[in-house]
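Engineer: What follows is a single structure, and I will ask about it in a moment.
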Amino acid sequence: MEAKRKYIQFGVLLVALTTTTTFAQSGDHSFGEAFFVSRRNDGSIELIGSAVTWLLLCMSMCGIGLMVHLSLANRRPTVLPDELVKTIRANIKKKKFQAAIDVASQNDSYLGRILVSAFREAKFGFPAMMRALEQTADELATKRLRRIELLNVLGQVSPMIGLFGTVYGMILAFGAIVSAGGSADPVALAGGIGTALTTTFWGLVVAIPALAGYAIIRNKIDELTVEATIEAEDILNSFRPRPKPQQTPKSTDVANTAPTLEAV
């Protein structure tokens with residue numbers, strides 16, 4: 001929770017810096033203000049249009065913080081640590097199977113957790129270990145993908161909120177035309193049109209990075225989890241039981257090839 005709070009604060013700071021840059025580059029307070037506050041023709045603040053704008057601004061801050069958090073949470077060291085793979089393989093090569101199991105148990109990465117789930121089923125045989133690995137891999141991968149769905153929601157909902165502001169702004173503009181008897185002054189239309197364009201702008205500002213981040217992080221999760229699962233299966237093959245050789249070639253006897261784990 002503390003980490004998420006820091007990422008959201010980072011997003012707020014980034015948006016604040018962007019806002020400051022906008023004002024500095026424009027040199028005109030009213031131009032910069034138009035991106036954040038909707039006003040009526042008489043100069044008063046338009047509450048609904050401004051509320052939609054600031055809602056989208058808050059969503060933008062949350063989206064930036066969420067993308068940073070999810071990017072850090074789905075890096076290679078948290079899914080498939082190279083050091084863990086090297087350590088486990090080195091222990092297996094030296095026939096230190098229990099040491100390899102202990103190393104995996106102490107690691108909280110995706111690879112470590114699916115290996116631990118497989119090792120817990122060792123007493124039921126090698127096929128049970130592989131089933132446990134595959135089931136746990138699916139569950140953990142689904143959980144990671146579920147966490148990034150919020151980015152997809154932000155990307156899908158923010159244009160709809162922006163469209164709401166667009167429609168509301170056009171209603172204001174057409175209302176000004178009706179009030180003027182069909183020949184409204186362009187200045188009278190500026191308030192409604194400004195609200196429509198501003199909310200559309202911020203809706204796209206939220207949606208584009210959110211959907212792009214969602215696609216990039218999702219592909220990264222797919223790539224790393226599949227690679228980690230293949231690596232785990234290859235490690236488990238070192239624990240595959242070998243069939244016992246037949247003592248005498250009798251047609252009525254069946255060789256005892258029940259799986260016995262050498263490592264566990």
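Results for (1) aliphatic (A, V, I, L, M); (2) closer than 15 Å to G162 by Cα, shown as yes or no for each residue.
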position	(1), (2)
G191	no, no
T195	no, yes
W202	no, yes
A212	yes, no
I217	yes, no
D222	no, no
A232	yes, no
I235	yes, no
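Engineer: Next up: If W54 meets every condition in (1) more than 25 Å from the chain's Cα centre (by Cα); (2) modelled with pLDDT under 90; (3) not in a loop (DSSP other than H, G, I, E, B) apart from one, which number is that one?
Structural biologist: Failing condition for W54: (1).
Engineer: Look through segment 167-184, keep the residues that are in a helix (DSSP H, G or I) and small (G, A, S), and return whichever of them is surrounded by the most Cβ atoms within 10 Å (Cβ to Cβ). Walk me through how you get there before you give the answer.
Structural biologist: Filtering segment 167-184 for residues in a helix (DSSP H, G or I) gives 167-179.
Among the residues that remain, those that are also small (G, A, S) are: 169, 173, 175-176, 179.
On the way: G169: 25, A173: 19, G175: 14, A176: 21, S179: 11.
Here the answer is G169.
Engineer: Got at least one residue in segment 146-169 being modelled with pLDDT of 90 or more, among the aliphatic types (A, V, I, L, M) and under 30 Å from I235 (Cα atoms)?
Structural biologist: Checking segment 146-169: at least one residue is modelled with pLDDT of 90 or more, among the aliphatic types (A, V, I, L, M) and under 30 Å from I235 (Cα atoms).
Engineer: Just the residues that are surrounded by fewer than 21 Cβ atoms within 10 Å (Cβ to Cβ) and in a loop (DSSP other than H, G, I, E, B), please, taken from segment 119-166.
Structural biologist: R120, E121, G125
Engineer: For D42, work out the one condition from (1) loosely packed, with under 12 Cβ neighbours inside 10 Å; (2) modelled with pLDDT of 60 or more; (3) not in a helix (DSSP H, G or I) it doesn't fulfil.
Structural biologist: Only one criterion is unmet by D42, namely (2).
Engineer: With the structure loaded, tell me whether T136 is among the polar types (S, T, N, Q) and touching a Lys or Arg at 6+ places or on another chain (Cβ under 8 Å) or whether it fails that test. Please lay out each step first, then the result.
Structural biologist: Details: among the polar types (S, T, N, Q): yes; touching a Lys or Arg at 6+ places or on another chain (Cβ under 8 Å): yes.
Spelling it out, T136 is indeed among the polar types (S, T, N, Q) and touching a Lys or Arg at 6+ places or on another chain (Cβ under 8 Å).
Engineer: Here is a further query. Does I114 count as surrounded by 15 or more Cβ atoms within 10 Å (Cβ to Cβ), touching a residue at least 12 places away in the same chain (Cβ under 8 Å), under 18 Å from the mean Cα position of the chain (by Cα) and under 30 Å from F97 (Cα atoms)? Break it down into steps so the answer makes sense when it comes.
Structural biologist: Values: surrounded by 15 or more Cβ atoms within 10 Å (Cβ to Cβ): yes; touching a residue at least 12 places away in the same chain (Cβ under 8 Å): yes; under 18 Å from the mean Cα position of the chain (by Cα): no; under 30 Å from F97 (Cα atoms): yes.
The answer is no for I114.
One line per residue, one yes/no per condition, for (1) over 30 Å from G203 (Cβ atoms); (2) at pLDDT below 90; (3) assigned to a helix (DSSP H, G or I); (4) of a type in the set (D, E, K, R):
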{"site": "H69", "(1), (2), (3), (4)": "no, no, yes, no"}
{"site": "P77", "(1), (2), (3), (4)": "yes, no, yes, no"}
{"site": "L84", "(1), (2), (3), (4)": "yes, no, yes, no"}
{"site": "T87", "(1), (2), (3), (4)": "yes, no, yes, no"}
{"site": "Q98", "(1), (2), (3), (4)": "yes, yes, yes, no"}
{"site": "A104", "(1), (2), (3), (4)": "yes, yes, yes, no"}
{"site": "L111", "(1), (2), (3), (4)": "yes, no, yes, no"}
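The values are calculated or read from the model by the stated rules, or taken from the named source; none is laboratory data. On a predicted model such as this, the values are computed, not experimentally measured, just so you know. Backbone-built Cβ (ideal geometry, glycine too); neighbour counts: all protein chains shown.
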